[in-house]
Every structure is written in structure tokens, then in C-alpha cells.
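I have placed the structure first, in the form of C-alpha cells, so that the comments after it can refer back to it.
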Amino acid sequence: MEKGGLFGNVNFIELPKELTGVDARIVLLVGKWFPTGAHKVGAAYGCLAPRITTGGFDPTYHKAVWPSTGNYCRGGAFDSKVMGTESSPFLPEGMSKERFAWLRDVIGSEVMPHPVPIEC
């Protein structure tokens, strides 16, 4: 596969038993072609999953907020899009135009730029 898609199949490699020496299936995700450009989609969903499974987050009612400097925010916004819930990605105002454009164009999210306080 030369490239990934927006919402297509997962790119993975399954290691054969002859290579690993174990009976268990070992599956590797190939992050190079993730729609978000990074593997952090899983990490972002990992923060939301416990709330969803315990009833603390209702994707049909709540809005997910994703603050970060980039990939985590993109991953969370992407997860929200897949779940059909609204999201608010927050990025520092000095991040690249490409990050803001990707969130706006691919995910369709309103992006909230925020100033970064200077620490002394």
C-alpha cells in the first residue's frame, strides 16, 4: 500500500509465528499512513474510551475538547469525527498554518488558537 485514506481500512502487518516463535497473534499498526499523519489517534481515543464505556461521555450530546501542540489534537479531532461527535481542537496560535488547515479542511472542526503564556 502506498498511501492511507481518510476513513479506510487499518494498515497493519501481522508477524508470522515462524518469526516470533509464539502462538499468539502479534499485529503491528503502520502509522506512516494514518489519516492524521501520526499514530496518536489511539492515544487520544484512549483518554476518551473510559468515559464512553462508563457513560460519562455521550458522543451524541457532549463535545470533546482536544488541547495540544499538534498530533494529539489532530488525533482527538479525527476520533471525534469518526464517532460523529463535535470537537473543539485547541492549538497554540503560533503553530503551522498547515495544522490549522488540516483540522479545518479534513476534519471540519472549528480550531481554537490560543496564546501560550511565557514562563519565567
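Structure notes:
- Ala44 passes every criterion in (1) of a type outside the set (Phe, Trp, Tyr); (2) surrounded by fewer than 19 Cβ atoms within 10 Å (Cβ to Cβ); (3) within 18 Å of Val111 (Cβ to Cβ) apart from (2).
- Enumeration of residues in the range 87-103 that are more than 15 Å from Pro67 (Cβ to Cβ) and crowded, with 18+ Cβ neighbours inside 10 Å: Trp102
- For the residues Gly42, Gly37, Gly76, the requirement of being modelled with pLDDT under 75 and in a helix (DSSP H, G or I) singles out Gly42.
- Conditions (1) modelled with pLDDT under 70; (2) loosely packed, with under 14 Cβ neighbours inside 10 Å; (3) out of contact with any strand residue (DSSP E or B) (no Cβ under 9 Å at 6 or more places or on another chain); number of the one not met by Val10: (3)
- Thr60 being outside any loop (DSSP other than H, G, I, E, B), among the β-branched types (Val, Ile, Thr) and modelled with pLDDT of 85 or more: no
- Residue match in the range 92-104 (condition: assigned to a strand (DSSP E or B), in the same structural domain as Pro67 (by TED's automatic domain parsing) and at pLDDT 85 or above): yes
- Subset of the range 106-120 that is at pLDDT 75 or above and surrounded by 10 or more Cβ atoms within 10 Å (Cβ to Cβ) - its residue that is nearest to Met83 (Cα to Cα): Ile107
The values are calculated or read from the model by the stated rules, or taken from the named source; none is laboratory data. Predicted, not measured: the structure shown is a model, and the values here were computed from it. Cβ coordinates were reconstructed from backbone atoms using ideal geometry, including for glycine residues, and neighbour counts include every protein chain displayed.
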